[in-house]
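One structure is given below, encoded as structure tokens.
The values are calculated or read from the model by the stated rules, or taken from the named source; none is laboratory data. Just so you know, these numbers come straight off a predicted model, no measurement behind them. Glycine gets a Cβ as well: all are built from the backbone with ideal geometry, and neighbour counts include every protein chain shown. Note: areas computed on protein heavy atoms with side chains; ligands, DNA, RNA excluded. Shrake-Rupley method; radii C 1.70, N 1.55, O 1.52, S 1.80 Å.
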Amino acid sequence: MAKTDPYAALRFKEFNIFLLVRFVLVFGWSMQFIVIEWEVYSLTKDPLSLGIIGLMEIIPAFTMALFAGHIVDQKEKRNLLALCIAAFSIISFGLFLLTWDAVTGSWETKSVLYGIYALVFFGGFLRSFFGPTIFSLVALIVPKKVYPNAATWNSSTWQMASVLGPAFGGFFISWIGVHWSLCIIFGLIVLSFIILLQIKRKPILNPKIGEPVIESLKEGVRFVFKTKAILGAMTLDMVAVLFGGAIALLPIFAQDILKVGSEGFGVLRAAPAVGAFITMLITAYLPISKNAGMKLLAAIFGFGVCIIVFGLSSIFWVSVAALFFSGVTDGVSMVVRQTILQLKTPDHMRGRVSSVNSMFVGSSNELGAFESGVTAKLMGTVTAVVFGGTMTLITVVTTGIVSPSFRKLDLTKDLEEHNKD
């Protein structure tokens, strides 16, 4: 079934409910992120302020990641995700209040800015729990034989939300302003909480409930570092995203270089996710597990080329096309990486392994945003983007040369073993 049916995972009712929760939550989260980016840059006109947004999120997300993974492996997943969403709704409501005329009119700009940074910081704390909880919950909703298919649809839903969230964010900024855009986001987060309650509570599969935190964390880290396929995929993607993080500088390109306003900003922000979403839909029909290592290397190399083209472009639709194809290549990378993680991670360690992954890959998005903000301040925006794309190419070539075992990585046998279970 898992070999031939592209809709295998969708035949499970709770998985469809989960995808709806995932869509609404990511739609609201991604929309909120670009609305805040726009507001912060509008307040400061300083590219470094965009980097600080990333820094404020990565500090708690990175430092709490391993501890969050331990908690996720010890707790019931449905209720833990519900608690995270409830806390996130409070952050969204706080941002809504900070952009209210009564606040912005009576507070100094610095006070509003620091308030936004503080809420982003607490959002980073919550994010350290979101990734491991969602990753673990998927494995409890569908059987092992459809894990790869579930990973594809899960990633595709994330990308679809990432397409529409930024696009609608850009349009809503133009139509109703930042304040009421954040009100809509708050409503979406509450809606995702209500939908999640339709999923039943799940059993805790960890046989070591009550295990000392230090021992639990050591076990998770040891597993990742001894599993070369997982370690290689995480490391490669981390470095590529770190240096190829041009997305954080899009408000500068939209306002000062391409001069396309908030609506053009929404199109630019959505373009990579459109490409990635299309790629993921294709992989549901044409699995890419064979020669996965080479495909991952080629995809990230293509991503670097697209980032360089985007940085050099001064034509709006050329920039959109470059970002679109960066999403196409990133989609391949994401499907391969998620399939590796799902197939090679034991059930009782999913929270901790996902947390290590968030430290490698997830946090590199925000660290990449900070790196982009700093290099843009020092080198200029265009030079910073080209520099990042070039470093991505160097990383891929170096990995391909020094790690022949990763070049030969193939997931076909792993799929066959899980299909027999």
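Would you mind putting 393-405, 60-72 in packing order, based on average other-beta-carbon counts within 10 Å, highest first? Don't jump to the answer; show the numbers that get you there.
On the way: 393-405: 14.9, 60-72: 22.8.
The peptides rank, most packed first, as 60-72, 393-405.
For the chain, give the percent of accessible area contributed by carbon and sulfur heavy atoms, probe 1.4 Å, rounded to a whole number. Let's see the in-between values first.
Working: 11670 of 16830 Å².
Its accessible area is 69 percent carbon and sulfur atoms.
Using alpha carbons only, how many angstrom separate the centre of region 370-400 from the centre of region 76-143?
29 Å
In Å², and per residue, what accessible area does the chain have when probed at 1.4 Å with the other protein chains present?
Here the residues of the chain average 40 Å² of exposed surface.
Based on alpha-carbon centroids, what's the gap between region 208-277 and region 166-182 in Å, whole number please?
So the two Cα centres are separated by 24 Å.
What accessible area, in Å² to the nearest ten, does a 1.4 Å probe give for LYS145?
80 Å²
Run the simple label-point estimate for LEU48 and ARG407 please: 7 Å along Cα→C-beta, distance reported in nm.
Here the answer is 4.3 nm between the modelled labels.
Add +1 for every Lys or Arg and -1 for every Asp or Glu among the other residues with Cβ under 13 Å from the Cβ of LYS226, and state the total.
Numbers: positive: LYS218, ARG222, LYS228, LYS344; negative: GLU219.
Result for the neighbourhood of LYS226: +3.
Could you work out the local net charge near ARG201, counting Lys and Arg as +1, Asp and Glu as -1, over the other residues with Cβ closer than 15 Å to its Cβ? List each step's numbers first, then the result.
Values: positive: LYS75, LYS77, ARG78, LYS200, LYS202; negative: GLU14, GLU76.
That sum, taken over residues with Cβ under 15 Å, equals +3.
Within region 261-347, report the trypsin sites (Lys or Arg not before Pro) that DSSP leaves as loop and that have at most 16 other Cβ atoms within 10 Å. Display every interim value, and only then the final one.
Details: sites: ARG269, LYS290, LYS295, ARG337, LYS344; in loops: LYS290.
Those that pass, being in a loop and sparsely packed, are LYS290.
Give me the extension gain from ALA102 to THR398: residue separation times 0.36 nm, minus the current Cα-Cα distance, reported in nm with one decimal. Kindly include the intermediate steps, with their values, before the conclusion.
Working: separation 296, 0.36 × 296 = 106.56 nm, distance 5.41 nm.
Once the chain is fully extended between ALA102 and THR398, it gains 101.1 nm.
Give me the number: length gained by fully extending PHE12 to TRP180, i.e. 0.36 nm times residue separation minus the C-alpha to C-alpha distance, one decimal in nm. Before the final figure, lay out each step's value.
Working: separation 168, 0.36 × 168 = 60.48 nm, distance 3.64 nm.
Fully extending the segment from PHE12 to TRP180 adds 56.8 nm.
Quick one: what are the phi-derived ³J(HN,Hα) couplings along region 318-329, Karplus 6.51/-1.76/1.60 with θ = phi - 60°, whole Hz, x for glycine and proline?
5, 4, 4, 5, 4, 5, 4, 6, 5, x, 4, 5
Just to be sure I understand: with springs between alpha-carbon atoms less than 10 Å apart, which residue in VAL190, VAL138, VAL103 has the highest mean-square fluctuation in the Gaussian network model of the chain?
Ranking VAL190, VAL138, VAL103 by mean-square fluctuation puts VAL103 first.
Check cross-link reach from LYS45 to the lysines: straight Cα distance under 28 Å, and skip same-chain residues fewer than eight apart.
LYS110, LYS259, LYS377
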